[in-house]
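The values are calculated or read from the model by the stated rules, or taken from the named source; none is laboratory data. Keep in mind that this is a model prediction, so the values were computed, not measured. Note that each Cβ is placed from the backbone with ideal geometry, even for glycine, and that neighbours are counted across all protein chains shown.
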Amino acid sequence: MKSQLSDKSLCIHGGKQHDHAHGPLSTPIYQSSTFVFDNAEQGAARFAGEEAGYIYSRLGNPTTRELELKIAALEEMEDGAATATGMGAVSASVLSFLEKGDHLIASKAVYGCTFALFSHMLPKFGIEVTFVDMEDHSAVEKALKSNTKMIFAETPINPNLVVIDLAFIGDFAKRNNLISVIDNTFMTPLLQKPKHFGIDIVLHSATKYLNGHGDVVAGLVCGSKDHIETIKFTVLKDIGATISPHDAWLIIRGMKTLSVRMERHCSNAQKVAEFLAQHDKIEQVYYPGLKSHPGNKFIGTQMKAAGGVIAFELKGTLEMGAQFINATKLCTLAVSLGDAETLIQHPASMTHSPYTQEERLAAGISDGLVRISVGLEEADDIIADLAQALEQI
Ligand code: 4LM
């Protein structure tokens, strides 16, 4: 649902409830597992869905609810659900709608654990998955079967920064009566709103930019009221990947500064990508903010800016890549992304190790790829650190 407030204001005020005792400025943390009923009739009415109100924090919690309404406002979708992790958001979005005999079309390159869920877990439940190159629209059309029910992609893709055309995905899904699911983690709703392209379900690893401070693992899903109700009252209720109210509060706090953080992440990443692109020890830089990147044409149409993640390949051997990563000082060797700290990692041996080498290469994720999540430090300090590490190889 479109709000009259701008995104910058929604990051601060979106979802805010004003019915707390004592009028606190900061949302209280309702650190309570359960909620007390006035009487047996009220308890029964709440369970029957006849009376609004909280029951038990696995089913809903007032702190969590503010976060859900905030992300829904930002994504311009009807409702939201918060989950314990980003993988909780991915699995809830998929398992809530697919059943034995259904078919899922998924991008061949996705976050490693999403690939593991799709390639190992879903087939165990009789759900068929076809992985396709989503830049190739005819391959997507060809993957369609009579039992296809859903299409899933990330854009830009983790870790190789390939940009997928959301207008095509939205249209393909509508034409074929599929549920379209987009993982919007790399962009946040400030840079990209999949809803504008007809996408049905938008999800995030809130662990990343939304929280932004490296101290929470969490996920968020947005969609229509019906879709979110299904997610909440099937998979989230019965499998139970619900968020803790304290983590929801940390994300509400983190999101207040999301718009200023994203501006810095993007401007720093642009400078770092330009530095890497001109360096003679670098083979290739993958960053949609570079004019040479095939995804650059989507900036200004699908995505407002290129985000804060860069991938690149060094000239030379894999050992030299390891030497380089070991030589960085300010850039911290850790997985995850979207934090204040610049994080550097090696997808083939870390985030994308659930792929076999063959699957990974087929997905366009090379053995030598290095990924940097550019942080909020001074750009020149990040560049100086990368320059001294490159010097050492
Ligand atoms: C990483 N990523 O890449 P939780 N969707 C995307 C992601 O990048 C991730 C998840 C979902 C990384 C984690 C170690 C696009 C995670 C899963 O980790 O479950 O919050 O999110 O470095």
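Val235: more than 22 Å from Met77 (Cα to Cα), in the same structural domain as Ala167 (by TED's automatic domain parsing) and crowded, with 18+ Cβ neighbours inside 10 Å, yes or no? No: the conditions fail for Val235. Look at Gln42 and say whether it is part of a loop (DSSP other than H, G, I, E, B) and not small (Gly, Ala, Ser). Considered against the rule, which asks whether it is part of a loop (DSSP other than H, G, I, E, B) and not small (Gly, Ala, Ser), Gln42 comes out as no. Residues in the range 194-209 that are part of a loop (DSSP other than H, G, I, E, B), touching a helix residue (DSSP H, G or I) at 6+ places or on another chain (Cβ under 7 Å) and within 10 Å of the ligand (Cβ to nearest atom): Ala206, Thr207. Within the range 154-169, residues that are free of Cβ contacts under 8 Å to residues at least 40 places away in the same chain and among the hydrophobic types (A, V, I, L, M, F, W, C) sit with their Cβ atoms under 9 Å from residues that are in a loop (DSSP other than H, G, I, E, B) and more than 12 Å from the ligand (Cβ to nearest atom), at 6+ positions apart or across chains, in these pairs: Phe168/Met134; Ile169/Met134; Ile169/Gly198; Ile169/Ile199.
Among the residues of the range 8-53, those identified as hydroxyl-bearing (Ser, Thr, Tyr) and more than 30 Å from Arg261 (Cβ to Cβ) are Ser32, Ser33, Thr34.
With respect to (1) surrounded by 17 or more Cβ atoms within 10 Å (Cβ to Cβ); (2) away from the ligand (no atom under 16 Å from the Cβ); (3) charged (D, E, K, R); (4) under 27 Å from Ile228 (Cβ atoms), the lone exception for Glu154 is condition (2). Applying the criterion of at least 1 residues that are at pLDDT below 95 and farther than 19 Å from Gly223 by Cα to the strands (runs of 3 or more DSSP E) found wholly in the range 121-193 leaves an empty list. In the range 99-110, the residue that is nearest to the ligand (Cβ to nearest atom) out of those that are touching a strand residue (DSSP E or B) at 6+ places or on another chain (Cβ under 7 Å) and either within 18 Å of Arg371 (Cβ to Cβ) or not in a strand (DSSP E or B) (or both) is Val110.
Residue-by-condition table, conditions (1) within 20 Å of the chain's Cα centre (by Cα); (2) surrounded by fewer than 16 Cβ atoms within 10 Å (Cβ to Cβ); (3) more than 16 Å from the ligand (Cβ to nearest atom):
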residue: Ile29; (1), (2), (3): no, no, yes
residue: Lys70; (1), (2), (3): yes, no, yes
residue: Cys113; (1), (2), (3): yes, no, no
residue: Gly126; (1), (2), (3): no, yes, yes
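Can you name the residue in the range 219-241 that is in a loop (DSSP other than H, G, I, E, B) and at negative phi and is also nearest to the ligand (Cβ to nearest atom) among such residues? Step by step, filter the range 219-241, then rank; the result is Ala241.
Note on the range 76-87: residues that are near the ligand (Cβ under 7 Å from one of its atoms) and either out of contact with any helix residue (DSSP H, G or I) (no Cβ under 8 Å at 6 or more places or on another chain) or closer than 13 Å to Arg58 by Cα (or both) amount to 2. Of all the listed residues (Leu10, Leu74, Leu5), the sole one being in a helix (DSSP H, G or I) and touching a Gly at 6+ places or on another chain (Cβ under 9 Å) is Leu74.
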